[in-house]
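Every number here is computed from the coordinates shown, using simple stated rules; none is lab data. Model, not experiment: these values are computed from the prediction. Cβ placement follows ideal geometry from the backbone for every residue including glycine, while neighbour counts extend to all protein chains displayed.
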Amino acid sequence: MMRFTLPRDLYYGKGSLEHLKELKGKKAILVLGGGSMKKFGFVDKALSYLKEAGIETTLFENVEPDPSVETVMKGAEAMRAFEPDWIIAMGGGSPIDAAKAMWAFYEYPDVTFEELCTPFNFPLLRQKAKFLAIPSTSGTATEVTAFSVITDYSKGIKYPLADFNITPDVAIVDPELAETMPPKLVAHTGMDALTHAIEAYVSTLNSPFTDPLALKAIEMVWSNLPVSYQGCMKAREQMHYAQCLAGQAFSNALLGIVHSMAHKTGAAFSTGHIPHGCANAIYLPYVIKYNAKCAESRYAAIARKTGVIEPSATDAECVRALCKKIDDFNVKLNIPKTLKEFGIDEAEFKEKVAHIAELAVGDACTGSNPRPITPAEMEKLLTCCYYGTEVDF
Ligand code: FE
């Protein structure tokens with residue numbers, strides 16, 4: 001038996017933040033990131049709408065990027081003290097991901113991260129509160145997904161939490177919030193969204209329910225991402241919706257090894273963090289070439305159905321055209337073509353690649369990749385991504 005789960009309600013369109021006026025409840029905790037939502041006036045707006053709804057609201061602020069176990073515990077404690085019946089998370093992926101984990105610890109104070117880490121093993125949530133998410137970036141789609149990533153800095157471990165219990169009840173996808181993104185974030189989050197849709201479409205768990213969402217998202221990325229990057233707010237709005245569609249697809253079809261590689265390389269090098277979407281954008285064409293041995297017709301379908309190439313082209317021509325399209329996008333978005341070009345030191349790469357390859361094969365996203373991969377193959381693939389050499393195995 002399969003399952004397909006989405007939020008119960010999705011409000012979208014400019015100004016849809018206003019839905020907060022109609023929320024039914026008594027108390028809300030508003031979970032926020034570093035302060036951009038406050039700076040741009042969205043926190044004040046949210047508070048005044050909630051006041052109009054007769055809901056008493058408290059803030060939990062300063063969730064850091066890549067939220068920590070400590071932040072989650074602090075948030076859960078604040079929730080237990082305040083006893084909200086709504087958890088509202090607003091901002092980028094981090095405050096929303098953190099709030100999802102806080103929610104579990106609010107309702108079940110004795111649960112452990114180790115228990116929550118077993119996929120689809122959460123206790124039944126919504127005993128104390130419901131969850132509303134309002135994204136300000138156009139990539140992670142955590143407002144509609146069953147996922148959250150929390151970092152244990154003391155152990156150097158990322159806990160990927162996955163359970164339909166943490167799929168939010170309500171998402172407000174208001175493009176006005178996304179207008180505040182700087183261009184580099186637009187590029188990276190947009191390519192993250194494209195990767196979500198492509199990986200979901202070729203995933204071993206793809207389905208008639210997720211395919212249309214993935215294809216529509218890809219089509220919308222093709223027509224809107226470069227213009228959104230240049231500052232067109234109409235295109236920015238479309239990208240905000242496209243990433244949400246991609247999220248609906250991958251929350252139910254899961255992802256593949258582009259994400260496995262991005263997860264395990266993101267913080268691996270001393271030269272600095274590789275932003276998640278940037279890593280995905282670099283790896284995507286190489287992974288398509290690797291996976292094409294098992295999923296050529298699926299990639300070809302993407303190219304044909306989203307207008308990358310005329311439908312009469314052969315499958316091999318379609319795959320080449322799809323990779324070329326992604327390469328062209330990366331050029332337009334000022335994303336490097338290789339890890340070397342990104343600035344990763346060659347000696348450090350060589351020293352660490354075997355270990356990273358092993359970790360990437362063990363990542364939660366590898367299981368639904370269309371072509372199996374061994375640590376030795378992963379090492380070869382990462383090496384191709386470092387030097388920009390042809391994937392021919
Ligand atoms: Fe992603």
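Top mean-square fluctuation among PRO109, PRO123, PRO208, Gaussian network model of the chain, C-alpha springs under 10 Å?
Of PRO109, PRO123, PRO208, the most mobile in the Gaussian network model is PRO208.
When N counts the residues of the chain, how does its alpha-carbon radius of gyration compare numerically with 2.2 N^0.38 Å, as a ratio?
0.96
What does DSSP give for the chain in terms of the percent of beta bridges that are antiparallel, rounded to the nearest 5?
Around 20 percent of the beta bridges assigned by DSSP in the chain are antiparallel ones.
Output the relative contact order of segment 280-340, whole-number percent, from Cα pairs under 8 angstrom with separation of 6+ residues.
For segment 280-340, the relative contact order is 40 percent.
Mean shadow of segment 113-186, computed from the convex hull of its alpha carbons, in nm²?
Dividing the Cα hull surface by four gives the mean projection, 6.3 nm².
Considering only DSSP beta bridges with both partners in segment 116-186, what is the antiparallel share in %, to the nearest 5?
Restricted to segment 116-186, the bridges split so that about 75 percent are antiparallel.
List the relative contact order of the chain as a percent without decimals, with contacts defined as Cα pairs under 8 Å and 6+ residues apart.
It comes to 14 percent, rounded to a whole number.
Across segment 254-347, how many lysine pairs, 8 or more positions apart or on different chains, have C-alpha atoms separated by under 25 Å? Please give the number.
The result is 23.
Name the most mobile residue of VAL353, VAL258, VAL173, meaning the one with the largest mean-square fluctuation, in a Gaussian network model of the chain with Cα contacts below 10 Å.
VAL353
Students often forget the sequence filter, so: which lysines lie under 30 Å Cα-Cα from LYS21 once same-chain residues fewer than 8 apart are removed?
Filter leaves LYS38, LYS39, LYS45, LYS51, LYS74, LYS100, LYS128, LYS130, LYS234.
Taking segment 29-166, how much of its Cα-Cα pair set, in percent, is spaced more than 23 angstrom apart?
The share of Cα pairs beyond 23 Å in segment 29-166 comes to 27 percent.
Roughly speaking, what is the stretch gain from ARG80 to ASP392, that is 0.36 nm per residue apart minus the C-alpha to C-alpha distance, in nm to one decimal?
Length gained between ARG80 and ASP392: 106.8 nm.
For a quick protection proxy, order the peptides 281-290, 55-64, 190-199 by their average other-Cβ count within 10 Å, most packed first.
Averaged packing, sorted descending, gives the order 190-199, 281-290, 55-64.
Going through segment 120-156, which trypsin sites (Lys or Arg not before Pro) have at most 10 other Cβ atoms within 10 Å and a DSSP loop state?
Here the trypsin sites (Lys or Arg not before Pro) that fit, given the DSSP loop and packing criteria, are LYS155.
For n ≥ 4 DSSP H runs only, could you compute -39500 (n - 2.57) per run for the chain, divide by its residues and tell me the 222 nm figure to the nearest 500?
Only helices count here, giving -16500 deg cm²/dmol.
Using a Förster distance of 51 Å, how high is the FRET efficiency between GLU351 and GLU310, based on the Cβ-Cβ distance and rounded to 0.05?
Taking R0 as 51 Å, the efficiency between GLU351 and GLU310 is 0.65.
Express in nm, to one decimal, how much length is gained between PHE209 and ASP328 on full extension, taking 0.36 nm for each residue of separation and deducting their alpha carbon distance.
Going from the current span to full extension adds 39.9 nm.
If you look at just the Cα atoms of segment 188-297, how large are its Rg and its Dmax in Å?
Gyration radius and largest Cα-Cα distance of segment 188-297: 14.0, 43 Å.
With N set to the residue count of segment 187-247, report its C-alpha Rg divided by 2.2 N^0.38 Å to two decimal places.
My calculation over the Cα atoms of segment 187-247 gives 1.07.
What number, in percent, do you get for the relative contact order of segment 197-286 if the mean sequence gap of Cα pairs under 8 Å and at least 6 apart is divided by its residue count?
This gives 31 percent for segment 197-286.
Once the Cβ-Cβ distance between SER223 and ASP110 is put in as r, and R0 is 35 Å, what FRET efficiency do you end up with, to the nearest 0.05?
FRET efficiency, SER223 to ASP110: 0.10.
In segment 90-122, which chymotrypsin sites (Phe, Trp or Tyr not before Pro) fall in coil by DSSP and have 11 or fewer other Cβ atoms within 10 Å?
Passing sites in segment 90-122 are PHE120.
Among ALA347, ALA53, ALA364, which one shows the biggest mean-square fluctuation in a GNM of the chain, springs joining Cα atoms closer than 10 Å?
Evaluated over the chain, the most mobile residue of the options is ALA347.
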